[in-house]
Amino acid sequence: MNKLSAQDIERRLAEAIANRTSVPPKKLISDLLATFNLSATGGEDEFIFPARKTTVRERIFGGQVIAQAMIAANLTVEDVKHIHSLHSYFLRAGSEPKDLHFKVHRDFDGRTISNRRVVVRQDGKVIFNLTASFQKPLEGLHHQVAMPEVLPPEDCRGGEKYLEYVARNPSIPDGKIKRMTMPRPFEICHSRPQRDEQSTRQYQWFKAIAPLPDDPLIHRATLAFASDMGLLSTSMLPHGLNWTTPGLFSTSLDHAMWFHDHFRLDQWVCYIMDSDWTGGGRGHNRGSFFTSDGKLIASAVQEGMLRIS
């Protein structure tokens, strides 16, 4: 492993800072919210998200299509009902330069529960499907697990600490700095174990980088978007791997979420992740979302493919 000189670190840090701050926060949030704007196609319960004219990646981020399918389902449900769970499968990689077509199937409408099934296509082929359940607010029994002890956001690796880590890490080549410091609509602070610890747990604090609208659906869709960030990497931890490992191929296979309570995602949320199993070329991962005062607001489970050539 080559040692970086002081000049190399200074150059790399300047590049990382310039890249991370190249887009204003309000623009990043505006672009995120724009992905939630689906247009009716004229067909019954059919919607479209148009192809992007310019893209930073060819492949659609999984969290984006989860949130969009959730929005499409919500467009067919009465306002008094709120999404409380979703189950989804990634079937084919989506392409940003192509239109996304959403077809919603109204499988069930009851007095308190509605169920929707969403099929997402590109070029006539199904790339993703999602089933979501919506419920009217009800009073009832309540309990939750306690939030584990974690470091506060300011003590985790985020902001300038993260950019310095990227700049000083000789295992990160110059060619990957731009991707690792790309502008994001979230402020993120990580806490990951050392590679030799073989831990199966990590966590990250995150929040929207600028204020979000008051609509609770926007906050739930934004959480669904963010829930795909980092969860699959948890099953790599005990094996000392990450997405930069040469020869590693990883991709999400399915994703499920349960929304427990209302929250705001322009305030800090802690995403605590663990992996209980890896095998057969797959990794199983679980996540819990807590507000800074310890309220459990959502849970997630994801399985992904892990292959090393």
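At a glance:
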{"quantity": "Residue under evaluation D276, criteria (1) among the charged types (D, E, K, R); (2) assigned to a strand (DSSP E or B); (3) free of Cβ contacts under 8 Å to residues at least 24 places away in the same chain, criterion not met", "calculated": "(3)"}
{"quantity": "Options S95, S88; residue that is at pLDDT below 95, closer than 25 Å to L130 by Cβ and not aromatic (F, W, Y)", "calculated": "S95"}
{"quantity": "The stretch 287-309, subset under 19 Å from E154 (Cβ atoms) and either acidic (D, E) or part of a strand (DSSP E or B) (or both), residue least open to solvent (accessible area, probe 1.4 Å)", "calculated": "F290"}
{"quantity": "Members of the stretch 209-238 found to be assigned to a loop (DSSP other than H, G, I, E, B) and touching a Leu at 6+ places or on another chain (Cβ under 8 Å), listed by number", "calculated": "I209, A210, L212, P213"}
{"quantity": "Pair list, Cβ < 6 Å and 6+ apart or interchain, from the stretch 111-126 residues that are without any contact (Cβ under 8 Å) to a residue 24 or more places away in the chain to residues that are of a type in the set (G, A, S) and open to solvent by less than 60 Å² (accessible area, probe 1.4 Å)", "calculated": "N115/S133"}
{"quantity": "Residue in the stretch 227-236 that is of a type in the set (D, E, K, R), under 11 Å from L265 (Cα atoms) and modelled with pLDDT of 95 or more present", "calculated": "no"}
{"quantity": "Filter result (modelled with pLDDT of 95 or more, out of contact with any strand residue (DSSP E or B) (no Cβ under 8 Å at 6 or more places or on another chain) and among the aliphatic types (A, V, I, L, M)) within the stretch 33-83", "calculated": "L33, A34, A67, I71, V80"}
{"quantity": "Residue check for V120: farther than 21 Å from S299 by Cβ and assigned to a loop (DSSP other than H, G, I, E, B)", "calculated": "no"}
{"quantity": "The stretch 195-204: number of residues that are of a type outside the set (S, T, Y) and open to solvent by less than 60 Å² (accessible area, probe 1.4 Å)", "calculated": "2"}
{"quantity": "Flag for F36 being touching a Leu at 6+ places or on another chain (Cβ under 6 Å) and in contact (Cβ under 8 Å) with a residue 12 or more places away in the chain", "calculated": "no"}
{"quantity": "Qualifying residue in the stretch 92-100 (condition: surrounded by 18 or more Cβ atoms within 10 Å (Cβ to Cβ), assigned to a strand (DSSP E or B), in contact (Cβ under 8 Å) with a residue 12 or more places away in the chain and within 21 Å of the chain's Cα centre (by Cα))", "calculated": "yes"}
{"quantity": "Selection status of R184, under 30 Å from L13 (Cβ atoms), in contact (Cβ under 8 Å) with a residue 40 or more places away in the chain and either of a type outside the set (G, A, S) or in a helix (DSSP H, G or I) (or both)", "calculated": "yes"}
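One line per residue, one yes/no per condition, for (1) part of a helix (DSSP H, G or I); (2) of a type in the set (K, R); (3) in contact with a helix residue (DSSP H, G or I) (Cβ under 7 Å, 6 or more places away or on another chain):
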residue: M147; (1), (2), (3): no, no, no
residue: E154; (1), (2), (3): yes, no, no
residue: L163; (1), (2), (3): yes, no, yes
residue: V166; (1), (2), (3): yes, no, yes
residue: S171; (1), (2), (3): no, no, no
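Here's the yes/no breakdown for (1) among the acidic types (D, E); (2) out of contact with any Phe, Trp or Tyr (no Cβ under 7 Å at 6 or more places or on another chain); (3) open to solvent by less than 40 Å² (accessible area, probe 1.4 Å); (4) closer than 17 Å to K207 by Cα:
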site	(1), (2), (3), (4)
A221	no, no, yes, yes
H239	no, yes, no, no
F249	no, yes, no, no
A256	no, yes, yes, no
Q267	no, yes, no, yes
T278	no, yes, no, no
N285	no, yes, yes, no
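Each row is one residue, and each column tells you yes or no for (1) surrounded by 15 or more Cβ atoms within 10 Å (Cβ to Cβ); (2) in contact with a strand residue (DSSP E or B) (Cβ under 6 Å, 6 or more places away or on another chain); (3) at pLDDT below 95.
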position	(1), (2), (3)
G110	no, no, no
L130	yes, yes, no
E139	no, no, yes
G158	yes, yes, yes
N169	yes, no, yes
I177	yes, no, yes
C189	yes, yes, no
P193	no, no, yes
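The values are calculated or read from the model by the stated rules, or taken from the named source; none is laboratory data. Treat the numbers as computed from the prediction; the structure is a model and nothing was measured. All Cβ positions, even for glycine, are placed from backbone atoms using ideal geometry, and neighbour counts span all protein chains on display. Ligands, DNA and RNA are excluded from the accessible area calculation, which covers all protein heavy atoms including side chains. Shrake-Rupley method; radii C 1.70, N 1.55, O 1.52, S 1.80 Å.
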